[in-house]
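Asks: Before anything else, here's the structure in question.
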Amino acid sequence: MSSSTVTNRNSSLPLRIEALVKRFGQVNAVDGISLELRSGECLGLLGPNGAGKSTLIRSIVGRVIPDAGTILIFGAKADSTAARSTLGWIPQELALYPRLTCRENLQAFGRYHGLGGPVLGQAVARCLDWSTLADRAHELVKNLSGGMKRRLNMAAGLIQQPKLVLMDEPTVGVDPQSRHHIFEMIEKLRGEGMSLIYTTHYMEEAERLCDRIAVVDHGKIIALGTRDDLVRDAFGTRSQVLAHFGGSPDRVVPWVAAHGGQTIDGIAQFTIAHPVEIASLLEDSAKAGLELVDVSLRKPNLESVFLHLTGRELRD
């Protein structure tokens, strides 16, 4: 492949990260991550607390300076004016002015991005409509519900119509109805072909919204692919058996491990090739004197993959 072909490919990618490293003291928060985001794609970042997701996002937007590696946004270095003009960021923390109205907040953020006159007015109207807050345009932000503030926060991050948007857990702390509103907002962006990076602590959000998913743990990407790819790579065509045994964990956990399973939150998990294998597991547990409380068979899902790879719940 010629160097010009590589350059053209890099410049067409919304995001390209290569060998990124960020240390805090002795901790490698980001440990050699390489990643590409395709045009029009929504890429989900899943990982337990402390996995490195937020540090990665903050490195892309320039809030954290990496110790090594490169970040290119549409071919431009992440700290360049060209890159920042194409990038939108919706942080976990609400970044709003509580004593200004919704409209005034959007006007302020629009001016920060160099918008003015009729262009600014059109952008504000578009964002109020997108966030379904047009009827609250003159309401002070401090009087809004948590879900409304979250939606306005998202609108403020998109006021300049960026080509690439980073969303860092945008549904944190909102009620189910507000979460549904936010899903609809994101799906509208996807329908317009916007490229998105989406971090979340909710497995169902990743399955619903994301084309591909990167599982991050201890500063590394330990799996990357579509939901079906990840399940197939982790389990093949095998099924899962979930069993709850009574009695002391000191007896149960070693027995489960000896039979090729793992115990997570008190539930024994096994993978089997054929459902008939359940019978031998139950027979062996009875011989070991274990008390079976409940057992179920299921096809592996994204949550199964996450537990298999990290040994932890997503919210841990």
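The values are calculated or read from the model by the stated rules, or taken from the named source; none is laboratory data. Because the structure is predicted, anything quoted here is derived from the model rather than measured. For neighbour counting, all protein chains shown are included, and Cβ atoms are generated from backbone atoms with ideal geometry for every residue, glycine included.
Asks: What residue, among those in segment 70-82 that are under 22 Å from the mean Cα position of the chain (by Cα) and not β-branched (V, I, T), is modelled with the lowest pLDDT?
Replies: By that ranking, first place goes to A78.
Asks: All but one of (1) surrounded by fewer than 12 Cβ atoms within 10 Å (Cβ to Cβ); (2) touching a residue at least 40 places away in the same chain (Cβ under 8 Å) hold for H274; state the number of the condition that does not hold.
Replies: It fails just one condition, (2).
Asks: Within segment 6-17, identify whether any single residue is β-branched (V, I, T), surrounded by fewer than 15 Cβ atoms within 10 Å (Cβ to Cβ) and modelled with pLDDT under 90, and answer yes or no.
Replies: Yes; the residues of segment 6-17 include at least one that is β-branched (V, I, T), surrounded by fewer than 15 Cβ atoms within 10 Å (Cβ to Cβ) and modelled with pLDDT under 90.
Asks: Scan segment 99-110 and give yes if some residue there is in a loop (DSSP other than H, G, I, E, B), out of contact with any Ser or Thr (no Cβ under 7 Å at 6 or more places or on another chain) and within 19 Å of M167 (Cα to Cα), otherwise no.
Replies: Taking every residue of segment 99-110 in turn, none turns out to be in a loop (DSSP other than H, G, I, E, B), out of contact with any Ser or Thr (no Cβ under 7 Å at 6 or more places or on another chain) and within 19 Å of M167 (Cα to Cα).
Asks: Among the numbered criteria (1) touching a strand residue (DSSP E or B) at 6+ places or on another chain (Cβ under 6 Å); (2) outside any strand (DSSP E or B); (3) buried (at least 18 other Cβ atoms within 10 Å of the Cβ), which one does I71 miss?
Replies: (2)
Asks: Would you confirm, using the coordinates I've provided, whether L56 is hydrophobic (A, V, I, L, M, F, W, C) and assigned to a strand (DSSP E or B)?
Replies: It is false that L56 is hydrophobic (A, V, I, L, M, F, W, C) and assigned to a strand (DSSP E or B).
Asks: What number goes with the only condition from (1) assigned to a loop (DSSP other than H, G, I, E, B); (2) more than 28 Å from L45 (Cα to Cα); (3) within 33 Å of the chain's Cα centre (by Cα) that P300 does not pass?
Replies: For P300, the failing item is (2).
Asks: Find the residue count for segment 105-126, including only residues that are charged (D, E, K, R) and closer than 23 Å to T171 by Cα.
Replies: The number of residues fulfilling the criteria is 1.
Asks: How about segment 218-267: which of its residues are crowded, with 18+ Cβ neighbours inside 10 Å, β-branched (V, I, T) and assigned to a helix (DSSP H, G or I)?
Replies: Within segment 218-267, V231, V252, V256 qualify.
Asks: Those residues that are in contact with a Leu (Cβ under 8 Å, 6 or more places away or on another chain), surrounded by fewer than 21 Cβ atoms within 10 Å (Cβ to Cβ) and of a type in the set (V, I, T), I need them from segment 134-184; list them, please.
Replies: The one that is in contact with a Leu (Cβ under 8 Å, 6 or more places away or on another chain), surrounded by fewer than 21 Cβ atoms within 10 Å (Cβ to Cβ) and of a type in the set (V, I, T): V141.
Asks: Could you list, in sequence order, the residues of segment 40-53 that are farther than 27 Å from R190 by Cβ and outside any loop (DSSP other than H, G, I, E, B)?
Replies: Matches in segment 40-53: none.
Asks: Of all the residues that make up segment 83-133, how many are buried (at least 21 other Cβ atoms within 10 Å of the Cβ), over 26 Å from the mean Cα position of the chain (by Cα) and under 24 Å from R58 (Cα atoms)?
Replies: Number of matching residues: 2.
Asks: Considering only segment 127-152, state which residues are outside any loop (DSSP other than H, G, I, E, B) and touching a Ser or Thr at 6+ places or on another chain (Cβ under 9 Å).
Replies: Of everything in segment 127-152, those that are outside any loop (DSSP other than H, G, I, E, B) and touching a Ser or Thr at 6+ places or on another chain (Cβ under 9 Å) turn out to be R136, L140, V141, G146, G147, M148, R150, R151, L152.
Asks: Say whether the condition of being touching a residue at least 24 places away in the same chain (Cβ under 8 Å), within 15 Å of L37 (Cα to Cα) and not in a loop (DSSP other than H, G, I, E, B) is met by at least one residue in segment 166-182.
Replies: yes
Asks: Additional query: Only residues in segment 29-54 that are at positive phi and surrounded by fewer than 17 Cβ atoms within 10 Å (Cβ to Cβ) count as the first member; pair them with residues that are assigned to a strand (DSSP E or B) and among the polar types (S, T, N, Q), Cβ under 8 angstrom, at least 6 apart or cross-chain, and list the lot.
Replies: Within 8 Å, the pairs are G40/S195.
Asks: Here is a further query. Could you figure out which of (1) in contact (Cβ under 8 Å) with a residue 12 or more places away in the chain; (2) not in a strand (DSSP E or B) isn't true of V215?
Replies: Here V215 meets the rest and fails (2).
Asks: If you check R298 against the conditions, is it among the basic types (K, R) and out of contact with any Asp or Glu (no Cβ under 9 Å at 6 or more places or on another chain)?
Replies: yes
Asks: For segment 85-98, give me each residue that is out of contact with any strand residue (DSSP E or B) (no Cβ under 8 Å at 6 or more places or on another chain) and not in a loop (DSSP other than H, G, I, E, B).
Replies: Once the filter is applied, which keeps residues that are out of contact with any strand residue (DSSP E or B) (no Cβ under 8 Å at 6 or more places or on another chain) and not in a loop (DSSP other than H, G, I, E, B), segment 85-98 yields only S85.
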